[in-house]
1. For the range B:409-436, enumerate the residues that are of a type in the set (S, T, N, Q) and surrounded by 14 or more Cβ atoms within 10 Å (Cβ to Cβ).
2. Can you name every residue in the range A:101-113 that is more than 8 Å from chain B (Cβ to nearest Cβ) and of a type outside the set (D, E)?
3. Condition (residue is aromatic (F, W, Y) and either within 14 Å of another protein chain (Cβ to nearest Cβ) or touching a Pro at 6+ places or on another chain (Cβ under 9 Å) (or both)) applied to the range A:87-100: is it met by at least one residue?
4. Of the residues A:L117, A:L124, only one is more than 16 Å from B:I320 (Cα to Cα) and within 13 Å of chain B (Cβ to nearest Cβ); which?
5. Filter the range A:96-126 down to the residues that are assigned to a helix (DSSP H, G or I) and surrounded by fewer than 21 Cβ atoms within 10 Å (Cβ to Cβ) and list them by number.
6. Listed residues B:F432, B:F417, B:F393; which is out of contact with any strand residue (DSSP E or B) (no Cβ under 6 Å at 6 or more places or on another chain) and within 14 Å of chain A (Cβ to nearest Cβ)?
7. Give the residues of the range A:57-95 that are in a helix (DSSP H, G or I), under 28 Å from A:G154 (Cβ atoms) and at pLDDT below 90, sorted by residue number.
8. Taking the range A:138-175 on its own, how many of its residues are of a type in the set (S, T, Y) and free of Cβ contacts under 8 Å to residues at least 40 places away in the same chain?
Amino acid sequence: MEDSIPKMRVENLDVSYFDKQALFSINLDITKNNITALIGPSGCGKSTFLRCLNRMNDVIDGCVVKGKVELDGSTIYDQRIDPVTLRAKVGIVFQKPNPFPKSIYDNVAYGPRIHGLANTNSELDDIVEKSLIRAGLWDEVKDRISDSGTSLSGGQQQRLCIARAIAVNPQVLLMDEPCSALDPIATARIEELMDELRNRYTIVIVTHSMQQAARVAQYTAFFHMGYLVEKGATEKMFTTPDDKRTQDYITGRFG
Amino acid sequence: MNNLDNNNQLTDESPSEYSSDRLLKRQKKEKRFQLLGKLSVLASVSFLFILFISIIEKGSSAIRQSEVLLSIDLSTENFRQEVLMDPKKIRGSELNKLTRNSLIKLFPNVQSRSDRRMLYSLISSGARHELRDRIIQNRDLIGGIISVWLPLSDDADMYLKGNIKKDVPSNLRRFKDNQISWLDQLMSDGLVRKSFNFRFFTNGDSREPEIAGTLGALIGSFFTLLVTFLISFPIGVMAAIYLEEFSPKNRFTEIIEVNINNLAAVPSIVFGLLGLGVFLSFFEFPRSAPLVGGMVLSLMTLPTIIIVSRASLKAVPGSIREAALGLGASKMQMVLHHVLPLGMPGILTGGILGMARALGETAPLLMIGMVAFIVDIPTKIDDPSTALPVQIFLWADSPERAFVERTSAAIMLLLFFLLTMNFVAVLLRQKFEKRW
């Protein structure tokens, strides 16, 4: 892990919802242009952790975040940091595909529009096309770009959501179980895509599937009951884990 | 029976309590339950049906009004010099005289004063207004003889519509025997017709049923609803957006929520009293005006709109909100670009239904004086006026037989508008339902 500069750094992160603490002093570095997988049983806090990385937890009632989260060395939980600009830098893709009930074009163009990334219509067209190409969806939708985003299949919708997220040109892409609502073929397609995307973006993915983590991620972090139990290179985690709990989880004894 | 046999086969090996007897009982219970449901539906539909039938039966005759053809002598010598210069100076009594003269020409042998008065009462006292309007519109009529269809009085109209029975003794009857004979003669001369009752749609209120119309009340209702909509819709939607999307969830907002729900349950007459006390007595806004009526009705509609709007905003899936926020939209952008457009059909539907309820509301309007007898058709929101349901209330209170059919006709008109609004609401809902 020492050989690459961390894109994001998390130090002593505590998160609680009202009185219930969900995360206990998490320390994790997220390396640039790599995929970091967060694994662990349900309710272990991995999604909560993910949502701390672009302050999506701000909108949840009663959620209190303590500790330090840095993006390129500057802390993001700062009064001066506007979560709106932060989320333009750290995009997110959700578990369930959630395209806007608008045209495919408008779905992708929405982000660039609100951030003023395009001055002319042709610039906007370019961004939309490029984003769809990168999300591997362009060939399938180029003839029906003005159809509703909700008319696509589940896998296509998820790739549309990815295209929508990368259209604002983020540096980090957070993915919260992006394949859990998809069939194996669509999943394979998205996994391929993630591998291509990591050249440009730093990716953090929450997944329930250990095979998926093993397939796509360079680094893996194992969460259990709100604690970060073990972190490290994926290969090592899946072959010679240090912690007993990690081994039990990976071998399917619990979770 | 086939069904039962199959079940028997299935339960062959199950314990004995699953015998066909028990199954039969269960099926019977099921059937009885469904029958109860069907009966309830039937009952409610038939109430509605009876209501419509009785109203239509009573009100449909108001669509036609009896008129008589009179030739009226408008020779110049019948008018004062002043009138010849400016027909607007014509007096109702002068026109009355001309109308009566033409009647006497038709019945020369009616001599006594009292008989003549009865003869004159065949014609509506509103006839002179129509004659006057006609002369003012076309002053060239002066100097000639014109044939015009003038409305018959309400009693004559009721007699022709069969609402006054001949077998009642003449002295107990509003429409006397000699009036009947004159009317019959007019009919046999072909001078009587029943024509479309346009006066019902183009006139204001009147003491005379035959020329009383609903236009004044309709416009009053329109202005009132306009004010109601302009006040309650923006305020209601804004409040709903704030409460649903922005406000912190704490004790204080909880109290506000509970009280909005309470407000929706307050009887409407209380809002009327509030309007009387605050808008009229304290702020001294004009009495009987749609402006105040609209303000009072918006107090009543506001909680409904807030509740409906919040419900339809809540129905927008959270994933859409997350998607917008995740892309770096601000909360306001999230609401204006995504949540509000998706919730709008529901909000509009609720708004229309709220307006429909306001349109049918009578009690609060009584309190602020919109129950006054107003003949003039309002042209501004602070003109004295009445509203359609109040007009119905006023007419239902009038003793004249002819107001019975007009009351029902006005109810039909009100129901028409209410049903149209509800229909639009249903259309909106269907058109935009579940777009995600």
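The values are calculated or read from the model by the stated rules, or taken from the named source; none is laboratory data. Source: prediction; values computed, not measured. FYI the Cβ positions are ideal-geometry reconstructions off the backbone, even for glycines, and counts take in every protein chain you see.
1. If the condition is that a residue be of a type in the set (S, T, N, Q) and surrounded by 14 or more Cβ atoms within 10 Å (Cβ to Cβ), then B:N422 is the only one that fits.
2. Matches in the range A:101-113: A:K102, A:S103, A:I104, A:Y105, A:N107, A:V108, A:A109, A:P112, A:R113.
3. Yes; the residues of the range A:87-100 include at least one that is aromatic (F, W, Y) and either within 14 Å of another protein chain (Cβ to nearest Cβ) or touching a Pro at 6+ places or on another chain (Cβ under 9 Å) (or both).
4. Every option except A:L117 fails the conditions.
5. Once the filter is applied, which keeps residues that are assigned to a helix (DSSP H, G or I) and surrounded by fewer than 21 Cβ atoms within 10 Å (Cβ to Cβ), the range A:96-126 yields A:Y105, A:D106, A:R113, A:I114, A:H115, A:N121, A:S122, A:E123, A:L124, A:D125, A:D126.
6. Result of the check over B:F432, B:F417, B:F393: B:F432.
7. A:N57, A:V59, listed by residue number.
8. Count: 2.
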